[in-house]
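> Dropping the structure in here first, questions after.
The values are calculated or read from the model by the stated rules, or taken from the named source; none is laboratory data. Note that this is a predicted model, so its numbers are computed, not measured. Cβ: placed from backbone, ideal geometry, glycine included. Neighbour counts: every protein chain shown.
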Amino acid sequence: MTKITKEEVKKVAHLARLELNENEINNHAEQLEKILEYIKQLEKIDTEDTPCTTRAIEVFNVFRKDEKKKTDFTEELLELSPSREDKFFKVPKIISE
């Protein structure tokens, strides 16, 4: 694998709208090189009989049965509003006639 050059890091930084100083460019080049080496190691692993997964630990949703309940929070909700008129929220007029 070819070594990541400073020019490649500068180009990617420019595309990502990042301003990097010379020290940061060198540091990112080294880090990217290590990441690519690690990926190269992972590519050697045989995954032929490994099932596809979306996460390391399988997660199951626990559902409850939907139950219809009659509730009336109208008065409490209307009292939270800055302005009301009878059983309605009162809002400023936004459309002129």
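> Let me confirm something: among K40, K34, K44, which residue is out of contact with any Ser or Thr (no Cβ under 7 Å at 6 or more places or on another chain), of a type in the set (D, E, K, R), loosely packed, with under 13 Cβ neighbours inside 10 Å and in contact (Cβ under 8 Å) with a residue 24 or more places away in the chain?
Just one listed residue meets the conditions, K40.
> To continue, here is another question. So if I check each of K65, K40, which one is part of a loop (DSSP other than H, G, I, E, B) and not aliphatic (A, V, I, L, M)?
Of K65, K40, the one residue that is part of a loop (DSSP other than H, G, I, E, B) and not aliphatic (A, V, I, L, M) is K65.
> Go through (1) out of contact with any Leu (no Cβ under 9 Å at 6 or more places or on another chain); (2) on the phi < 0 side of the Ramachandran plot; (3) at pLDDT 90 or above and name the single condition H28 misses.
With (1) out of contact with any Leu (no Cβ under 9 Å at 6 or more places or on another chain); (2) on the phi < 0 side of the Ramachandran plot; (3) at pLDDT 90 or above applied to H28, the lone miss is (1).
Residues are listed down the side, and each one gets a yes or a no for (1) among the basic types (K, R); (2) part of a loop (DSSP other than H, G, I, E, B):
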{"position": "I4", "(1), (2)": "no, yes"}
{"position": "H14", "(1), (2)": "no, no"}
{"position": "L18", "(1), (2)": "no, yes"}
{"position": "N27", "(1), (2)": "no, no"}
{"position": "E33", "(1), (2)": "no, no"}
{"position": "R55", "(1), (2)": "yes, yes"}
{"position": "E58", "(1), (2)": "no, yes"}
{"position": "L77", "(1), (2)": "no, no"}
{"position": "S96", "(1), (2)": "no, yes"}
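> Turning to a different aspect of this structure: Identify the single condition in (1) in contact with a helix residue (DSSP H, G or I) (Cβ under 7 Å, 6 or more places away or on another chain); (2) within 30 Å of K6 (Cα to Cα); (3) surrounded by fewer than 11 Cβ atoms within 10 Å (Cβ to Cβ) that I25 does not satisfy, given that it satisfies every other one.
Checking I25 against (1) in contact with a helix residue (DSSP H, G or I) (Cβ under 7 Å, 6 or more places away or on another chain); (2) within 30 Å of K6 (Cα to Cα); (3) surrounded by fewer than 11 Cβ atoms within 10 Å (Cβ to Cβ), the one that fails is (3).
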